[in-house]
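The structure appears right after this line, and notes come after that.
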Amino acid sequence: MSEDAKAQALFKWYLTSSNQTYTSFAEKLGINRNTVRRWVSGESTPNKHHLSEIFRLSGIKPGEWFEKADNFSWLRRKTPPKK
């Protein structure tokens, strides 16, 4: 699975597991909700600044974010992996 596909799956999982809408997540990042929609759909990917903010908001460290994506069994859970 490509890194972009992993990121797309992680965004979907994170928004669902944290009960956030595109709008609420976008507001936390100070961006338009359509930007979040494009990330989730795979139409685009976040820049480095936005990735930093996503990691900060999610509480998941950058290395863990993609490392955990390799094992999609944890994506089915309702809670994020332990920090």
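Which ones in the stretch 53-66 are loosely packed, with under 14 Cβ neighbours inside 10 Å and touching a helix residue (DSSP H, G or I) at 6+ places or on another chain (Cβ under 8 Å)?
If the condition is that a residue be loosely packed, with under 14 Cβ neighbours inside 10 Å and touching a helix residue (DSSP H, G or I) at 6+ places or on another chain (Cβ under 8 Å), then Lys61, Pro62, Phe66 are the ones that fit.
Looking at the stretch 1-33, which of its residues are aliphatic (A, V, I, L, M) and either modelled with pLDDT under 85 or part of a loop (DSSP other than H, G, I, E, B) (or both)? It would help to see each step written out before you state the result.
From the stretch 1-33, those aliphatic (A, V, I, L, M) are 1, 5, 7, 9-10, 15, 26, 29, 31; that's our starting set.
Once the filter is applied, which keeps residues that are aliphatic (A, V, I, L, M) and either modelled with pLDDT under 85 or part of a loop (DSSP other than H, G, I, E, B) (or both), the stretch 1-33 yields Met1, Ala5, Ala7, Ala9, Leu10, Ile31.
Out of the stretch 36-54, which residues are assigned to a helix (DSSP H, G or I) and under 19 Å from Ala5 (Cβ atoms)?
Hits for the stretch 36-54 are Val36, Arg37, Arg38, Trp39, Val40, Ser41, His50, Leu51, Ile54.
The values are calculated or read from the model by the stated rules, or taken from the named source; none is laboratory data. Computed from a predicted structure; not experimentally measured. Neighbour counts run over all protein chains shown; Cβ positions are idealised from the backbone, glycine included.
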